[in-house]
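The values are calculated or read from the model by the stated rules, or taken from the named source; none is laboratory data. Computed from a prediction, not measured in an experiment: that's the story for all the values here. In this analysis, Cβ positions are derived from the backbone assuming ideal geometry, glycine residues included, and neighbour counts consider all displayed protein chains. Remember, those area values only see protein heavy atoms, side chains included, never the ligands or the DNA or RNA. Shrake-Rupley method; radii C 1.70, N 1.55, O 1.52, S 1.80 Å.
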Amino acid sequence: MKLARRRRATNLMAIVLVAAVSMTGCRMFGGSGDDATPTPVTGPIVLDAAGVRFADTNSGRFTLTIDGDAALDESGNLLLRGAEGSILRPDRADVQAQIALSAATLRVHLIAIGGDQYMTNFLTGDWERAPEGLNYNPAVLFDDERGIAGVLRKVDDAQLVGAEDLAGTDTYHVTGSVARETVQAMAGNAFKSDRINFDIWINRSTNDILRIVLNDPQSAGGARPVTWTLTITDHDKPVTIEAPPLS
């Protein structure tokens, strides 16, 4: 009963925020009468609506592109170049990742289910458990505290840049900044600066998150500063993710 009441409350909040942010003109809302004081659409309000919608999103496909040196391990020998795959709430992901090792870039299949992670062997392609030092778990995107929802709640100086066209979709573009530790679970050891630049594009009609860009304004130790771009599609389309057979 408690879960049902909580679900109804979440859905009601989503309906209110979606309706508010997508009012005619997309410039202000909150007034229903001549004497009502309209409330301008702001960056924090748009982020709140996107957060509510994302909490009600059960699956999606994503593409991650990385410009710069994003280390997957503490030694910095493995660099994540990009990834694409599916995520399923609450904690499952099936991903093809591009990983740089020395001078070679290898394609690796990763599956995450809860606290268990599996990956294909670099040489044989056989499935095995991922090494404990791996700092990349794409399933964390759906984590309420360490994933996208938690990041949205901790964006500072959120500013609504305006309405923009993104690949044919009308979106809100919001900018701000986040502390490095806020995005560390999503991005591993990718960032070195204390503050990371944050951009997000949100569908004006549905409040679905379409793109997030995190940019490190500086480098450290000779590594190139990282720009981390996450694109999300196929919101709520059916996805099945199971543990692979281990060799």
Worksheet entry | Residue list for segment 185-237, filter: free of Cβ contacts under 8 Å to residues at least 60 places away in the same chain and among the hydrophobic types (A, V, I, L, M, F, W, C) | Ala185, Met186, Phe191, Ile196, Phe198, Trp201, Leu210, Val213, Leu214, Ala220
Discussion item. Which condition from (1) crowded, with 21+ Cβ neighbours inside 10 Å; (2) in contact (Cβ under 8 Å) with a residue 40 or more places away in the chain is the one that Pro131 breaks?
Written reply: (1)
Worksheet item: Can we say Ala167 is out of contact with any Cys (no Cβ under 9 Å at 6 or more places or on another chain) and open to solvent by 30 Å² or more (accessible area, probe 1.4 Å)?
Response: yes
Discussion item. Exactly one of these conditions fails for Arg7: (1) open to solvent by 20 Å² or more (accessible area, probe 1.4 Å); (2) at pLDDT 95 or above. Give me its number.
Written reply: (2)
Discussion item. Testing Gly30 on (1) buried (at least 16 other Cβ atoms within 10 Å of the Cβ); (2) of a type in the set (Gly, Ala, Ser); (3) at pLDDT below 70; (4) touching a helix residue (DSSP H, G or I) at 6+ places or on another chain (Cβ under 8 Å), one condition comes back false. Which one is that?
Written reply: (1)
Discussion item. One residue is enough: does segment 59-73 have a residue meeting the conditions open to solvent by 80 Å² or more (accessible area, probe 1.4 Å) and either aliphatic (A, V, I, L, M) or modelled with pLDDT of 75 or more (or both)?
Written reply: yes
Worksheet entry | Qualifying positions in segment 101-155 - under 22 Å from the mean Cα position of the chain (by Cα), modelled with pLDDT under 90 and among the aliphatic types (A, V, I, L, M) | Leu134
Worksheet item: Taking the condition open to solvent by less than 60 Å² (accessible area, probe 1.4 Å), under 21 Å from Trp201 (Cβ atoms) and hydrophobic (A, V, I, L, M, F, W, C), does Val161 pass?
Response: no
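Are there strands (runs of 3 or more DSSP E) fully within segment 77-134 with at least 2 residues that are among the aliphatic types (A, V, I, L, M)? List them.
Fully inside segment 77-134 and qualifying: 78-88, 92-101, 104-113.
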Item to complete: Would you confirm whether any residue within segment 197-204 is under 24 Å from Ala158 (Cα atoms) and touching a Pro at 6+ places or on another chain (Cβ under 9 Å)?
Response: yes
